[in-house]
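Each remark here refers to the structure printed beneath this line.
The values are calculated or read from the model by the stated rules, or taken from the named source; none is laboratory data. The structure presented is a predicted model; accordingly, all values stated were derived computationally and were not measured. For neighbour counting, all protein chains shown are included, and Cβ atoms are generated from backbone atoms with ideal geometry for every residue, glycine included.
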Amino acid sequence: MTSLFSSRDIQVKSMEQTVKHAEKYLGEICYLLGSYTRKTAKLRDKADLLVAQLYDFSSTEGPELQIGLKNLAEDLAMVQDYRQAQVERLETRVLAPLKAYGDIVKIKRADLKKFNTDLNRELKELQKLEKIRLRNPADRQSIVSFTYQFQ
């Protein structure tokens with residue numbers, strides 16, 4: 001009986017460790033990806049300002065430089081369109097599902113806590129039953145009534 005509970009304790013500790021690691025590392029990954037996404041969005045914003053500045057500057061220059069600056073601004077704007085798509089994909093396809101794991105980890109932690117509480121309660125009941133058996137092994141009625149009481 002003791003080996004059964006020690007085996008369960010080992011399994012519970014292993015599950016708790018797994019949940020702890022998942023919480024730690026997924027949280028850190030989520031934080032870093034969020035930071036990366038925000039910085040990518042800021043870079044996109046700065047490049048959009050650069051595009052606007054290039055358009056403004058091109059309007060004050062001669063025809064040849066004006067064409068060159070507008071072409072540069074358009075090409076840079078296309079790159080920023082790709083960067084915008086990157087930001088949106090990171091937010092929807094990476095960050096959102098990763099954030100969902102936070103809720104899953106919380107639920108699993110609560111499940112483990114409940115399981116551990118139930119396990120400890122069961123262990124105490126079995127210890128009480130063992131004490132009753134040791135005190136009076138011939139008194140089957142008290143042993144049976146005790147077992148029915150906790151089912």
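Being part of a helix (DSSP H, G or I), of a type in the set (D, E, K, R) and either at pLDDT below 95 or within 30 Å of Leu119 (Cβ to Cβ) (or both) is the requirement here; does Glu61 meet it?
no
Of all residues in the stretch 33-67, how many are in contact with a Ser or Thr (Cβ under 8 Å, 6 or more places away or on another chain) and either closer than 30 Å to Lys99 by Cβ or not aliphatic (A, V, I, L, M) (or both)?
1
What single numbered condition from (1) over 30 Å from Gln11 (Cα atoms); (2) modelled with pLDDT of 90 or more; (3) among the hydrophobic types (A, V, I, L, M, F, W, C); (4) exposed (fewer than 12 other Cβ atoms within 10 Å of the Cβ) fails to hold for Ala110?
So the condition that Ala110 fails would be (1).
Restrict the check to the stretch 21-32 and report whether at least one residue is touching a residue at least 24 places away in the same chain (Cβ under 8 Å), in contact with a Leu (Cβ under 6 Å, 6 or more places away or on another chain), assigned to a helix (DSSP H, G or I) and within 17 Å of Glu91 (Cβ to Cβ).
Yes, the conditions are met somewhere in the stretch 21-32.
Which one is modelled with the highest pLDDT, of the residues in the stretch 120-146 that are of a type in the set (Asp, Glu) and exposed (fewer than 13 other Cβ atoms within 10 Å of the Cβ)?
Out of the qualifying residues, it is Glu130.
Considering (1) under 30 Å from Thr18 (Cα atoms); (2) among the β-branched types (Val, Ile, Thr); (3) more than 15 Å from the chain's Cα centre (by Cα), say which one Ile107 fails and leave the rest.
(3)
Just to be sure, is Ala85 of a type in the set (A, V, I, L, M, F, W, C), over 30 Å from Lys128 (Cα atoms), buried (at least 16 other Cβ atoms within 10 Å of the Cβ) and over 20 Å from the mean Cα position of the chain (by Cα)?
Criteria not met by Ala85.
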